Amino acid sequence: MKNKIAILLSIFALALAALACQAPWTTPTPTETQAPTETATTEPTPSLPVFPSPAIYNFSFFTPLQGWAVTQYGNNILVTVDGGQTWLDATPAALATLPSGTTSWGLTPFFLDVNTAWMTPGHFGSGSSTLYHTIDGGATWNTNPVPFDNARYFFLDQNGGYALVGLGVGAGSQYVAIYQTTDGGANWTQTFAHEPGTTASLPGSGHKGGLAFLDMNHGWIGGDIPMTDYFYFYATSDGGTNWSLETDIILPAGFSNSYMEVQQPIFVGGTAGYLPVRMLTDSSDSYLLIYRTDDGGQTWIYQGMVQNGQDVDFDSPTSGWIAAGMSLYRSTDSGMTWSAMALSGIPATESILKVDFVDGQHGWAVSTPDSSTLSPLNFYRTDDGGSTWTQLLP
């Protein structure tokens with residue numbers, strides 16, 4: 001067990017050292033938690049140029065035809081109006097050329113609906129940046145300066161949102177600031193920041209994976225720390241000023257001495273939501289645990305798990321999907337039981353990395369035959385609830 005902890009500490013230290021050399025969060029991350037969406041009033045413009053044969057890793061759909069994607073290394077933002085068969089380049093013209101000496105903008109947009117998105121290109125520690133905001137599906141982008149860079153966003157609607165900003169990393173620590181906007185990103189107010197030599201309610205220790213909010217007051221930050229049986233999951237009820245550790249989440253019976261990475265809650269309607277937690281046991285087995293809340297995050301109840309689970313998506317309060325290695329699992333009972341699907345169209349030799357469904361029938365997945373290089377990235381679509389898949393890319 002001591003060897004296991006030593007290995008985890010080494011991995012954590014190496015990850016933090018790597019982050020110190022680049023802008024945080026420039027690498028594609030698991031599927032982002034989405035805010036409640038609004039009904040689109042217009043369609044993304046088809047006049048944008050076609051982006052031929054993109055390598056897609058992160059993507060988010062809102063209807064069977066309309067969705068967004070980011071290219072593998074975070075340099076281009078794409079939009080589709082035909083279910084993913086054709087991708088249009090919605091990248092702002094100002095981002096057409098990378099700064100000298102860099103290889104990626106590190107784009108990690110937040111998509112609210114088919115028309116609305118926010119993003120900040122990485123400026124690699126400059127302390128300020130430009131916020132890009134579109135309300136017409138990427139046809140045009142509004143810009144305004146923001147007093148931070150390296151930000152990840154979460155918006156509840158067209159006006160209210162938050163930014164989680166990386167301030168730097170240290171040995172076993174990651175320091176952050178949190179900003180709030182009530183006017184769509186035009187103005188920001190800092191609600192929290194780590195300061196040297198002070199103690200804060202959100203500790204500097206540990207890695208912060210992202211943030212999610214149910215309303216403008218209640219939010220969560222999940223992450224990980226190199227300690228066994230520890231849920232690194234903090235909640236706020238005052239808009240991010242003060243944070244408290246969630247202490248009532250427990251492991252399922254029969255598991256202990258496990259290392260956990262807590263993701264961000266996925267709210268699926270009203271106060272119902274899900275919390276995905278990756279668990280690495282002391283025997284090096286990996287599981288994706290699913291917890292559920294019906295009271296807006298006041299309590300989280302363990303539902304079920306899938307071995308080797310990589311990505312999860314819920315298309316309704318009772319229906320969800322988990323990508324796990326070379327398998328896709330489906331639940332129709334709020335995550336309590338998960339059944340492997342018989343897939344047609346995705347080769348059995350490919351690992352499924354990402355999955356996104358807009359309803360019980362229409363979904364998309366990214367897979368690869370080589371999990372070490374993530375090359376190539378193959379993009380698929382289903383119209384029958386995941387039974388049969390059609391390859392769209394490459």
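Brief remarks follow.
- Annotation note: of G122, G166, G172, the sole residue that is at pLDDT below 95 and more than 27 Å from W68 (Cα to Cα) is G172.
- Among the residues making up segment 252-269, those that are in contact (Cβ under 8 Å) with a residue 40 or more places away in the chain and either part of a loop (DSSP other than H, G, I, E, B) or not charged (D, E, K, R) (or both) are P252, N257, Y259, V262, Q263, Q264, P265, I266, F267, V268, G269.
- Tally, over segment 220-265, of residues that are more than 24 Å from G172 (Cβ to Cβ) and at pLDDT 95 or above: 5
- Flag for D282 being within 20 Å of Y234 (Cα to Cα), in a loop (DSSP other than H, G, I, E, B) and of a type in the set (D, E): no
- There is at least one residue in segment 350-367 that is in contact with a Ser or Thr (Cβ under 9 Å, 6 or more places away or on another chain), farther than 20 Å from G83 by Cβ, charged (D, E, K, R) and at pLDDT 95 or above.
- The residues of segment 42-67 that are within 15 Å of L392 (Cβ to Cβ) and in a strand (DSSP E or B), listed by number, are V50, I56, Y57, F59, F61, G67.
- G83 passes every criterion in (1) modelled with pLDDT under 95; (2) over 20 Å from G185 (Cβ atoms); (3) assigned to a loop (DSSP other than H, G, I, E, B); (4) not β-branched (V, I, T) apart from (1).
- Number of the condition not met by L288 [criteria: (1) buried (at least 21 other Cβ atoms within 10 Å of the Cβ); (2) farther than 20 Å from S351 by Cβ; (3) of a type in the set (A, V, I, L, M)]: (2)
- Answer from D282, D294 - the residue that is modelled with pLDDT under 95, surrounded by fewer than 17 Cβ atoms within 10 Å (Cβ to Cβ) and charged (D, E, K, R): D282
- Scanning segment 291-300 for residues that are free of Cβ contacts under 8 Å to residues at least 24 places away in the same chain and either out of contact with any strand residue (DSSP E or B) (no Cβ under 8 Å at 6 or more places or on another chain) or in a strand (DSSP E or B) (or both) returns a single hit, Q298.
- In segment 362-372 there is no residue that is of a type outside the set (V, I, T), surrounded by 14 or more Cβ atoms within 10 Å (Cβ to Cβ), in contact with a His (Cβ under 9 Å, 6 or more places away or on another chain) and not in a loop (DSSP other than H, G, I, E, B).
- Only listed residue being more than 30 Å from I301 (Cα to Cα), surrounded by 18 or more Cβ atoms within 10 Å (Cβ to Cβ) and touching a strand residue (DSSP E or B) at 6+ places or on another chain (Cβ under 8 Å), chosen from Y329, Y380: Y380
- Count - residues of segment 301-335 that are within 20 Å of the chain's Cα centre (by Cα), over 27 Å from T63 (Cβ atoms) and in contact (Cβ under 8 Å) with a residue 24 or more places away in the chain: 3
- Test for V355: is it touching an Asp or Glu at 6+ places or on another chain (Cβ under 6 Å) and not basic (K, R): yes
The values are calculated or read from the model by the stated rules, or taken from the named source; none is laboratory data. These figures come from a predicted structure and were not determined experimentally. Here Cβ is always computed from backbone atoms with ideal geometry, including for glycine, and neighbour counts include all displayed protein chains.
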